[in-house]
Amino acid sequence: MSSIWNELDKDGFEQFIWCRDRESGLRAFIAIHNTNRGPALGGCRLWPYASEEDAAADAMRLARSMTYKAAAAGLSYGGGKAVVIGRADDPRIEQQFEALGRFIDRLGGSYWTGVDVGTTTAHMDAVARFTGYVTDMSGTLGGTDDWTADMTAYGLLHGMKATAKRICGTDRLHHLTIAVQGLGKVGWALCRYLRREGARLIVTDLSMRLVEQAVREFQALPVAADRIYDAPCHIFAPCALGGILNLSTVERLQCRVVAGSANNQLAAPQSVHLEALQRKGIVYAPDYIVNAGGIIATAAELDGDGPRRIRSRVKRIARTLTEVYQAAENEGITTAAAADQLAELAMHKA
Ligand code: NAD
């Protein structure tokens, strides 16, 4: 318990809600990190956490990074996150999400939820029966299969173009080899965009079916999951798990740029791994800047924008990333530190 209070104080959380509904069996937490710029936005994760402490820590970590992501993207939203301790195949899962909807409604709009790892449009439909502070239900753009992931990949594509422009003087990607780790919703959509640009692809996934499909559809070169770090390429795109950049993987990398969708790519302590990347001359595109396409699209949909305007807002990731690179160069700091500065300035300005 005391460690939860310490964490809440350390990172300046505004509110932390314990949600318990005995009838449905719901056990959930909602962490609201910061609403200086507007209501906290952040999806709801459904996961069979080993302990309540793990779930609470995850909610806090994710909520905090949503604040930074939204602020750096210039959105009028803050950061929050909900986590439900449970499993999708629980027979009472629908009632649990209805109960979660009642908890969210009581917050009066300071937190908006949506889909995240483990949750689907059906869960959001259940939430929506009891509150309007929810996105990604059936019939919305966000509720369309893989739309958010597609927007995340679209933002990542433009982040890669901005990086190529800075390093090679052109934002065309046709002469580049890009290694994609993870062919899930975002990784797959990214490969599709990159292939259209004419880039050569190296791919890996734990699913052989996805790898074989990528070889067929994108003429990609397959590598085993544990060999992707050794693949000679221009850009390495981590689109699977967080925490994959550590001293041993960074040592193996043969790329000039790391730019991917995975959240929290740098293992702790981050500064050590950032320095290792810098020593090798590898440019790191801060994860929450390049993977902000999904949240930008959700915010834009809430603001009433249509698909064309949403795409153009997502595309602005290129400009934000260029600003981050420039600030890092001017001030002699890492790109991750420059991203934090940008986000913190936006939070305080608000
Ligand atoms: P997903 O679950 O659809 O896909 C992840 C893929 O990675 C799966 O195919 C899985 O088999 C593969 N994978 C897992 N471990 C691997 C390993 N060690 N080596 C190779 N492949 C491995 O997830 P997603 O929605 O595509 O998201 C991918 C990443 O991007 C996640 O870290 C997620 O948090 C982040 N992200 C996603 C979104 C979004 O809109 N979906 C937005 C921002 C960030």
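What follows is calculated from the coordinates using simple rules that are stated; it is not laboratory data. On a predicted model such as this, the values are computed, not experimentally measured, just so you know. Positions of Cβ are generated from backbone atoms using ideal geometry, with glycine treated the same way; all protein chains shown enter the neighbour counts.
How high is the relative contact order of the range 148-349? Use alpha-carbon pairs under 8 Å, at least six apart in sequence, and give a whole percent. Could you put the intermediate results ahead of the total?
Details: 377 pairs, mean separation 45.6, N = 202.
Taking the mean separation of contacting Cα pairs over the length of the range 148-349, I get 23 percent.
Grab the other residues whose beta carbon is less than 14 angstrom from that of residue 326, score K and R as +1, D and E as -1, and report the net. Intermediate results must be reported in sequence, preceding the final value.
Numbers: positive: 165, 166, 319; negative: 323, 329, 331.
Around residue 326, the charge tally is 0.
In the chain, what % of DSSP beta bridges are antiparallel (nearest 5)?
Details: 13 of 39 bridges.
Expressed as a percentage, antiparallel bridges in the chain total about 35.
Put +1 on the Cβ of each Lys and Arg and -1 on the Cβ of each Asp and Glu in the chain; which of 108, 350, 130 then has its Cα farthest toward the positive end of the dipole?
Working it through, the farthest residue towards the positive pole turns out to be 350.
Hey, could you get me the Stokes-Einstein D for the chain, Kirkwood radius over alpha-carbon pairs, 4 °C and 1.567 mPa s, rounded to whole µm² s⁻¹?
Values: Rh = 20.5 Å.
Estimated diffusion coefficient is 63 µm²/s.
Could you derive backbone 3J(HN,Hα) for the range 212-228 from the dihedral phi with the Karplus parameters 6.51, -1.76 and 1.60 (θ = phi - 60°), listing whole Hz in sequence and x where the residue is Gly or Pro?
The phi angles translate into 4, 5, 5, 5, 5, 7, 10, 6, 7, 8, x, 9, 5, 3, 8, 9, 4 Hz.
Quick one: check the C-alpha center-to-center distance for the range 173-199 versus the range 280-350, whole angstrom.
Value for the Cα centre distance between the two parts: 20 Å.
Regarding the range 235-337, what's the average projected area of the Cα-atom convex hull, expressed in nm²? Display every interim value, and only then the final one.
Numbers: hull surface 27.7 nm².
Mean shadow area of the hull around the Cα atoms is 6.9 nm².
For the range 148-349, evaluate the Debye formula with one uniform point scatterer on each Cα (no solvent term) and list log10 I(q)/I(0) at q = 0.09 Å⁻¹, rounded to two decimals.
Debye output, listed in q order: -0.31.
Output the relative contact order of the range 251-349, whole-number percent, from Cα pairs under 8 angstrom with separation of 6+ residues. Could the numbers behind the result be given before it?
Values: 83 pairs, mean separation 24.8, N = 99.
Normalised by residue count, the contact order of the range 251-349 is 25 percent.
Tell me, what is the percent relative contact order of the chain, built from C-alpha pairs under 8 Å that lie six or more residues apart?
Values: 733 pairs, mean separation 52.5, N = 350.
Once divided by the residue count of the chain, the mean separation gives 15 percent.
Fewest to most neighbouring Cβ within 10 Å: what's the order for 272, 290? Kindly include the intermediate steps, with their values, before the conclusion.
Working: 272 13, 290 29.
Arranged by neighbour count, lowest to highest, 272, 290 become 272, 290.
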